[in-house]
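Input: one structure, supplied below.
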Amino acid sequence: MQHPQWHNIHPNFNLNGIHYGFDELLEVGYSLVKEGDPFEQSLGDFLVEWGMQTATVMVRTSGSTGAPKAILLKKEHMINSALASGEYFNLQPGDKALLCLPCTGIAGKMMLVRAMVLGLALDYVEASSLPLSGTQKIYDFTAMVPLQVEKSLNQLPQVKTLIIGGAPVSSGLREKLQAVSTQCYETYGMTETITHVAVKSMQNSKLKIENSNNPIVEQSNNRAVQQSNFTALPNITFSKDNRGCLVVDAPKISDKPVVTNDIVVLHSETEFQWLGRFDSVINSGGVKLIPEQIEQKIAPLVAARFFVVGIPDETLGQKLVLVIEGEETDSSELLQQIKSLKDLDKYEVPKDIFFLSSFKETASGKVDRLETLKTSTRSK
């Protein structure tokens with residue numbers, strides 16, 4: 001009986017310093033499921049699922065923009081995604097990689113797939129905010145979420161190439177990354193696209209304002225603030241639908257184009273600017289506001305976690321409010337500072353400020369804006 005291609009483990013692959021062939025790796029998977037710590041059990045579950053004859057893997061979406069759901073991904077497509085990443089980042093057999101994300105989600109699973117397909121020497125640790133704690137080892141490649149990067153700045157020189165995903169990179173973190181030797185890339189992707197389909201370098205990315213023919217941007221004073229463009233990985237192209245949202249055409253990782261809810265400025269079929277989410281656009285008195293763009297502008301003024309959102313208003317339909325994580329304070333001074341920002345349009349100034357001691361989060365650790373807003377209290 002001929003083995004499927006996903007049973008072909010690269011001869012250079014090893015896991016925590018030990019080389020495993022397919023049969024041995026399957027045994028490791030069963031062992032971790034039965035005897036491993038909770039974080040190892042999810043890793044073992046995936047190894048067992050990967051070792052089956054079935055051509056698909058069940059993966060749950062993150063739930064950051066809606067209810068989490070289970071979807072089927074083809075193992076063949078996951079292999080192709082790993083090959084595209086390897087080509088783009090020039091990953092070589094024997095390169096050292098670190099898995100510090102949970103294997104319950106697509107990001108953690110794909111670090112394993114990349115290692116098995118490309119022949120990486122993969123170490124795995126329990127997901128935490130300090131993934132490099134307790135080690136001086138040098139890694140060629142790893143993936144982190146922004147919180148992990150923020151907490152690991154002093155140890156980042158131990159990583160040669162770092163990809164950052166799971167949430168947008170704040171302007172503050174972007175500025176800090178200018179001083180590190182690590183090659184850092186923000187990624188664009190989702191479960192449906194098997195992690196990243198586009199990346200942009202974090203270093204030497206200058207803030208710029210672009211005109212756009214996007215109808216929502218035109219109604220928002222025709223300005224879109226962003227820092228450098230996302231560039232496609234190999235064999236991937238982009239277009240836009242009639243809403244101005246990105247459509248991903250990636251025949252090697254998806255049987256049909258993936259239609260997103262991400263508003264973009266398309267510069268070419270392989271390059272785009274991300275502006276924000278279509279489903280988070282606020283219609284305030286007929287003016288379309290993109291929360292993510294407003295957040296970038298006011299970020300230097302707010303030290304805590306925050307977001308802006310629209311809430312029902314009898315006069316405007318929706319009014320823009322700022323929600324801040326922390327103890328309630330007199331926010332009049334902050335509001336005056338926001339109003340004085342030169343690149344902030346008058347319609348982009350929040351009408352009110354809300355406080356909450358802690359934000360609600362999704363299962364993957366992202367801020368759940370709607371659930372957070374339901375429990376927030378009005379500022380003084």
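Only the coordinates and a few stated rules stand behind these numbers; no lab work does. Since this is a predicted model, take the numbers as computed values, not measurements. Cβ atoms come from the backbone with ideal geometry, glycine included; neighbour counts cover every protein chain shown.
Build a GNM of the chain with springs between Cα atoms under 10 Å: which of 344, 177, 122 gets the top mean-square fluctuation?
Judging by the Gaussian network model, the answer is 344.
Strictly greater than 30 Å: what percent of every Cα pair in the chain meets that? Working shown, then result.
Numbers: 30117 of 72010 pairs.
Summing the P(r) of the chain above 30 Å gives 42 percent of all pairs.
Using a Förster distance of 45 angstrom, determine the FRET efficiency expected from the C-beta separation of residue 18 and residue 360, and round it to 0.05. Don't skip to the end; give the middle numbers.
Numbers: r = 40 Å, r/R0 = 0.90.
E(calc), rounded to 0.05, equals 0.65.
Most fluctuating residue of 70, 82, 250 in a GNM of the chain with Cα springs under 10 Å: which is it?
70
Follow-up. Report, as a whole number in µm² per second, the diffusion coefficient that Stokes-Einstein gives for segment 37-146 at 25 °C and 0.890 mPa s using the Kirkwood radius over alpha carbon pairs.
Values: Rh = 14.7 Å.
Estimated via Stokes-Einstein, D reaches 167 µm²/s.
Please arrange 313, 262 by counting, for each residue, the other beta carbons lying within 10 Å of its beta carbon, fewest first. Kindly include the intermediate steps, with their values, before the conclusion.
Values: 313 15, 262 22.
So the residues, fewest neighbours to most, are 313, 262.
Working from the alpha-carbon coordinates of segment 281-378, get Rg over Rh, Rh being the Kirkwood radius. Don't skip to the end; give the middle numbers.
Values: Rg = 13.0 Å, Rh = 13.8 Å.
On the Cα set of segment 281-378, Rg over Rh gives 0.94.
For segment 337-351 and segment 11-82, what is the centre-to-centre distance using only Cα atoms, to the nearest Å?
47
Tell me the Kirkwood hydrodynamic radius of segment 108-210 in angstroms, computed as one over the mean inverse distance between distinct C-alpha pairs.
14.4 Å is the Kirkwood radius here.
Principal axis lengths of segment 242-301 from Cα atoms, whole Å, largest first?
Its Cα atoms span 42, 26, 18 Å along the three principal axes.
Between residue 339 and residue 303, what FRET efficiency follows from the Cβ-Cβ distance if R0 is 22 Å, with the result rounded to 0.05? Don't skip to the answer; put the middle values down first.
Details: r = 19 Å, r/R0 = 0.84.
Calculated transfer efficiency: 0.75.
Oh, and also: With the alpha-carbon atoms as the only input, what is the per residue convex hull volume for segment 5-201 in Å³?
Working: hull volume 22.4 nm³, N = 197.
Once divided by residue count, the hull of segment 5-201 is 114 Å³.
Pick from 107, 303, 97: which residue has the top mean-square fluctuation in a GNM of the chain where Cα pairs under 10 Å get a spring?
Maximum fluctuation in the GNM of the chain, among the listed residues, is at 303.
Using label points projected 7 Å from each Cα along Cα→Cβ, tell me how many nm separate residue 314 and residue 370, to one decimal.
Calculated label separation equals 2.6 nm.
Got a sec? Which residues in segment 172-202 would a label at residue 90 touch, if it sits 7 Å along Cα→Cβ and we count backbone N under 20 Å?
Once the point is set 7 Å along Cα→Cβ of residue 90, 180-187, 198-202 turn out to lie under 20 Å by backbone N, inside segment 172-202.
Only bridges whose two residues both fall in the chain count here: according to DSSP, what percent of them are antiparallel, nearest 5? The partial results should precede the final answer.
Values: 48 of 70 bridges.
Counting only bridges with both partners in the chain, antiparallel ones make up about 70 percent.
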